[in-house]
Amino acid sequence: MKVAIAQITSSDQPAENLATVLNLMDQSAGQDILFLPEVTNCISLDRAHQLQVLDPYDGNSFIVAICERAWRLGLWVALGSVTVKIDGDDGRFANRSVIINTKGKIVAFYDKIHMFDVTLSHTEQYHESKGYRPGTEAAVVQTPWAELGLSICYDLRFAALHRALAQAGAQVLAVPSAFARPTGEAHWHVLLRARAIETGCFVIAAAQTGVHPGSGRKTFGHSLIVGPWGEVILDAGPDIGLHFATLDLGDVDRARARVASLQHDRPFALKRYLSHDKID
């Protein structure tokens, strides 16, 4: 499986970001699939600006242009995620991952389930659920090379989701992200390696990086490819760029044969002991 993984610094202008993506697609010609980061089309913390520049999902000009280029190049694209307008009276968006095949057809999509509602410091707070409606369905998509499980950024912290994807057949986990710098420095590598080890999957995490024009938001970078034994195959560092790797899907079977933990779930009860309980 020949993969390209892109690390970019998206602005708050979808047209600029589309030009970047199309150029990366051209450079990825000859690869099997290109992985892109979270919110590839627009990074903005300004709801009014988002409403002005973003499109609904159906007929979305950003996605349509990528589909057309994928068909021309014969390239699969894991469009990490795009912010799209959706139906509903609450004005929230979807943070949606889209998988496109060589015919330029959308074969799967996934809406981010877990919302990044955190207080990293008194100056850095995020309330993703105010602007985005969480998804309700996990997704595994069949490709010519592997079963691909989909998650997005903050989903990474929820091991049960990735275990469910693997037990549903996923051999590769896509984790497109726009990780904040404080959490990236502390947790990014550990979490991605843990998800790979727990599931015996390849983990491919295309990431945003740098200071984002328009919003000033800062992201961590370090797009990673992790093998099913937990080894880091590729670390893109902090700079923008496009990287390539060839993955042997036989490594998934070999890792799972050595430690078959996906097959070892057991039901259990839970008892909570109180400090004053007497145990005979």
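Please compute the length gained on full extension between Thr102 and Leu274, using 0.36 nm multiplied by the number of residues separating them and subtracting their Cα-Cα distance.
Full-extension gain reported as 56.1 nm.
Is the shape of segment 118-194 rounded, prolate or oblate, going by the alpha carbon gyration tensor and its root eigenvalues a ≥ b ≥ c, with a/c under 1.5 for rounded and a/b larger than b/c for prolate?
prolate
For segment 2-263, the Kirkwood hydrodynamic radius from C-alpha pairs, put into Stokes-Einstein at 20 °C and a viscosity of 1.002 mPa s, yields a diffusion coefficient of 118 µm² per second.
Rounded to the nearest 500, the helix-only mean residue ellipticity at 222 nm of the chain stands at -7000 deg cm²/dmol, with each DSSP H run of n ≥ 4 adding -39,500 (n - 2.57). From least to most packed, judged by other beta carbons within 10 angstrom and beginning with the fewest, Cys67, Cys201, Cys153 follow the order Cys67, Cys153, Cys201.
Charged side chains reduced to their Cβ positions (Lys and Arg at +1, Asp and Glu at -1) give the chain a dipole of some 420 debye around its Cα centre.
Given the C-alpha centroids of segment 63-130 and segment 174-188, what is the distance between them in whole angstrom? Each part's Cα centre sits 17 Å from the other's.
Name the shape class, rounded, prolate or oblate, that the alpha-carbon gyration tensor gives for segment 138-280, where a ≥ b ≥ c are the square roots of its eigenvalues, rounded holds for a/c under 1.5, and otherwise prolate holds if a/b is larger than b/c and oblate otherwise. Taking the square roots of the gyration eigenvalues as a ≥ b ≥ c, segment 138-280 is oblate. Full extension of the segment from Lys130 to Trp229, taken as 0.36 nm per residue of separation minus the current Cα-Cα distance, would add 31.9 nm. With both residues required to sit in segment 56-214, DSSP beta bridges show an antiparallel share near 70%.
Projecting the Cα atoms of Gly74, Thr9, Gly169 onto the dipole axis of segment 2-263, where Lys and Arg carry +1 and Asp and Glu carry -1 at the beta carbon, places Gly169 farthest toward the positive end. Under a Gaussian network description of the chain, with springs only between Cα atoms under 10 Å, the residue in Asp90, Asp248, Asp265 that fluctuates furthest is Asp265.
Coordinate-derived values only; no laboratory data. Remember, predicted model here, so these are calculated numbers, not experimental data. Note: ideal-geometry Cβ built from the backbone for every residue, glycine included; neighbour counts use all protein chains shown.
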